[in-house]
Amino acid sequence: MKRTRIELAVMFVALLLGPTAVFAQDEDTMSFGEEEVEAAPEEGEVEDFTGEEGAVPGEEEGMAEEGEGEGGEGVGATDEDVLSALEDDEDLEATGDVTVGAAAPGEESELPGHPIWAVQQVYALRAHRVDVQPSFGVSMNDPFVQHQSFNVGAAFYITEVLAAGISFNWYRGFNAPTETNFSVSRATHQTVPINEYMLGAQINFTYVPIYGKFALLKEWILHWDVWVLGGGGFIFTRPYAVIDPEYREFDFGMKFSFNVGIGGRLYLTRFAAIFVELRDYIFPEELESLETYSTAEDRERKSDWIDDNYKLTNNVMLHIGVSLFLPFTFDYKLPK
Amino acid sequence: MKRYIFVLAFAVVSVCTTAKTATAQEILLEGPLAGAPAVRKLVQYREMRFSAGPQFGYTLLNEYMHNFMLGAKLEFNILEWLSVGLVGYYVVNAPTKLTTHISNSEDIAGDATTPADSNFPSYTGAGNFEDQVSHMKGLYMAQIGLIPLRGKLAVFEKLFVAIDGYIFLGGGVVHFEERELCNRSGDSCGDMNLDGSGSVVRESRITGTFTFGVGFTTYFNDWIGLSLEYRLAPFKWNAGGTDEAGQAGTEWELVEEDDVVFWDPVEKGSGDYPDGNISEEDRSWNSNQSISIGVIFHFPLEATVAH
């Protein structure tokens, strides 16, 4: 009798321990990237969607309407696949206030009727990270002088979609009068006042209203977002002396400037992206006076070198660069 | 002994069979997601459908004339990733600030500037300058489109729309009006004179070009979308209607004598500039960059869904 009890106990223990003894993941069908493993939340960490990334469930709903999915991320799961599976269960809704994650053996899943609740995460979280953006810029709207610049910007994302930051532009040494400027002067014997820039700096606010993803050839998923930004700062500029270069020489002067822009970013990793941005720097520009004088005394008078009227100038720059998010890693609020 | 063997066998079988029925992780192992394709049930907005709609464009980096493009695009999408199509634009012109600046230029006496012996016929005077520069009139292209990107975007975390990204390559013609070729020495520059009188004649030209560009189309439903694209269609023309060819020969220096300022010809090189001709050699490449936005309607109205 006693032996029988022992045997039953062994069998009971085997039944209990069985599920915990098996491998949770099958190496053949499961793979994670290093960064995903590192970014995974600690065991037992379970949080609700707060709405900050509320777009995640919302996004999935929108995606479901379209009928697309994607894979190649972590388990090769596709959001559409997941949603399709969920739709098959009919009663499941992708609301954000549910506890997400696979139920461990012995625990009761909070999801009725289906073991999968895998809402795909936003590829790269931005909140509380600093976006450092080194870039190179070329002017797009000045036919007479090609302004080029090296730029660096840094923006701290207060939320997933809103950031505050600074940016700096260095132009000096990268301004070059164009062929058009030369050609016009040669053909018409007329000169157009032109200016060169030295540097600029701005404080900006950035808002990211659009984000999305592409399936490249239906195989690789590319994540991207689009932002708009605006702010104010200053820029140092001066006129080229073209009307009377024999006498006139100008110093750089500071002008207050505003800037607005729009940019797009294609993520290469969760912390690095390439971006293109079109930004318009708007400022009141001083131009060389077109008035000429015949006497040396008049020509030397500095007060006559600058036109009395400021000209509101739009310096539209195309920036191409790299977007680096610091810290490089981040933790998702929810497991995958 | 048999009993021990039975118990041991039961335990082993229990472990093995339980492993097969462990739920949560096992679904990830061998569930419906394993081996799933990257895209399923794709709404095929393009395949075997026509796309047509109005287009509105603007050329970039204009020197003398702004070009506002009104046109239409018609495409047949053979596959979801391949299309062939036609696009045509009629161009409306407006002078740039540079052209306005020169057209309004005045000499010391307050009169409209006129050409001098040193720069005629390169310059025809303030009153003629807007007519002197080239005017683009149309752009007509046939093109093949490749659509490697397909995805979706979220706007304000509320609006979700499908989007695709495409490149296109093709060829066609550009129609523009360019200043008529003329030879000063041959007195073939019309009735123009050094006092700025007379008028400039522009002639219509059509030249071949290739085109290349990239674009995006967003789909609001099965049959209507919005496109945004960037296009290159380079060709050669004489944008300013000026004498450009040749190396430095005679140059003019501003000289002041007896309170009179004038341009004095000085031999600065052995080149032939200016040659006094408005010729084909004065033409240069214009990259002809443009951006356009358009509304796209798809026919038939219902899109298919891929398996």
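Laboratory data are not the source of any read-out in this text; all were calculated from the coordinates shown. All of these numbers come straight from a predicted model, not from anything done at the bench. As a convention, Cβ positions derive from the backbone with ideal geometry for all residues, glycine included, and neighbour counts pool all protein chains shown.
Summary of values
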quantity: Dmax and Rg, reported as Rg then Dmax, of chain B (C-alpha, Å); calculated: 33.0, 132
quantity: Within chain B, helix-based [θ] at 222 nm, where runs of 4 or more DSSP H residues each add -39,500 (n - 2.57), nearest 500; calculated: -3500 deg cm²/dmol
quantity: Calculated from backbone phi, Karplus (6.51, -1.76, 1.60) coupling profile of the range A:138-155 in Hz, x at Gly/Pro; calculated: 10, 6, 10, 10, 10, x, 9, 9, 8, 9, 10, 8, 9, 10, 9, x, 9, 10
quantity: Degrees separating the helix B:2-21 axis from the principal Cα axis of chain B, which is the longest one; calculated: 30 degrees
quantity: Distance-filtered residues of the range A:287-325 - backbone nitrogen under 15 Å, label point 7 angstrom along B:I108 Cα→Cβ; calculated: A:291-296, A:298-299
quantity: Taking the convex hull of Cα positions in the range A:190-292, its mean projected area over all directions (nm²); calculated: 9.9 nm²
quantity: Whole-number D in µm²/s for the range B:69-114 (Stokes-Einstein; Kirkwood sum over Cα pairs; 4 °C, 1.567 mPa s); calculated: 88 µm²/s
quantity: Pairwise centroid distance, computed over Cα atoms, of the range B:114-175 with the range B:208-281, Å; calculated: 15 Å
quantity: Long-range amide H partners of A:N141 with built H, under 5 Å; calculated: A:V316
quantity: Theoretical FRET efficiency, 1/(1+(r/R0)^6), r = Cβ-Cβ of B:D117 and A:Q148, R0 45 Å, to 0.05; calculated: 0.70
quantity: Whole-Hz couplings from phi, Karplus 6.51/-1.76/1.60, listed for the range B:116-123; x for Gly and Pro; calculated: 10, 4, 6, 10, 8, x, 4, 10
quantity: For B:N286, residues with placed amide H under 5 Å, excluding near neighbours; calculated: B:F235, B:K236, B:W237
quantity: Computed label-point distance, nm, for sites A:I166 and B:A94 using a 7 Å Cα→Cβ extension; calculated: 4.0 nm
quantity: Spin-label model distance (nm) - B:F297 vs A:D298, 7 Å beyond Cα toward Cβ; calculated: 6.6 nm
quantity: Alpha-carbon Rg/Rh ratio, for the range A:130-326, with Rh computed the Kirkwood way; calculated: 1.09
quantity: Interchain or long-range residues, amide H under 5 Å from B:I296's placed H; calculated: B:G225, B:L226, B:S227
quantity: GNM result for chain B, Cα springs below 10 Å: residue of B:A116, B:A52, B:A239 fluctuating most strongly; calculated: B:A116
quantity: Alpha-carbon centroids, the range A:142-200 and the range A:210-289: separation in whole Å; calculated: 8 Å
quantity: Separation of the B:D191 and B:L61 label points, Cα + 7 Å toward Cβ, nm; calculated: 3.9 nm
